[in-house]
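Comments concern the structure below.
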Amino acid sequence: MVHIYNGMPASELGSEGWHKPWSGPNGGNCVEMMRLPDGRVAMRQSSDPHGPALICAPREIRLFLQGAKHGAADYLLT
């Protein structure tokens, strides 16, 4: 079994199971996410599939998505 850690090469997590929940209309480069067997979530940049993966706990992802839905990250768009 592969030791999963924050910043590990995303390619070590395999090529299956990655999803692009926020792909633009042209399917361009975006964030890809994968749910890991232990419930954590891995994120990577689609333009660099061998680059580092950000590994987040389920609670971290839940809080991020809830905050984004309620506008907590809107300042990033202005």
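The values are calculated or read from the model by the stated rules, or taken from the named source; none is laboratory data. Here the structure is a predicted model, which is why all the values come from computation and not from measurement. Glycine gets a Cβ as well: all are built from the backbone with ideal geometry, and neighbour counts include every protein chain shown.
Scanning the stretch 52-78 for residues that are part of a strand (DSSP E or B) and touching a residue at least 24 places away in the same chain (Cβ under 8 Å) yields P52, L54, I55. Within the stretch 27-48, the set of residues being on the phi < 0 side of the Ramachandran plot, touching a helix residue (DSSP H, G or I) at 6+ places or on another chain (Cβ under 6 Å) and either assigned to a helix (DSSP H, G or I) or of a type outside the set (V, I, T) (or both) comprises A42, R44. Checking every residue in the stretch 2-12 against the condition of being on the phi < 0 side of the Ramachandran plot, under 12 Å from the mean Cα position of the chain (by Cα) and among the charged types (D, E, K, R) gives zero matches. Residues that are outside any loop (DSSP other than H, G, I, E, B) and touching a Leu at 6+ places or on another chain (Cβ under 8 Å) do not occur anywhere in the stretch 14-26.
Considered as a group, the residues in the stretch 1-36 that are surrounded by 13 or more Cβ atoms within 10 Å (Cβ to Cβ) and of a type in the set (A, V, I, L, M) include one that is modelled with the lowest pLDDT, and that residue is V31. Pairing each residue of the stretch 1-12 that is closer than 15 Å to E32 by Cβ and without any contact (Cβ under 8 Å) to a residue 60 or more places away in the chain with any residue that is acidic (D, E) and exposed (fewer than 13 other Cβ atoms within 10 Å of the Cβ), provided the two are 6+ apart or on different chains, yields C-beta distances under 9 Å for A10/D48.
Of all residues in the stretch 37-50, those that are more than 12 Å from S11 (Cα to Cα) and surrounded by fewer than 16 Cβ atoms within 10 Å (Cβ to Cβ) have Cβ atoms under 6 Å from Cβ atoms of residues that are modelled with pLDDT under 95 and not hydroxyl-bearing (S, T, Y), 6 or more apart or on another chain, in S47/N29.
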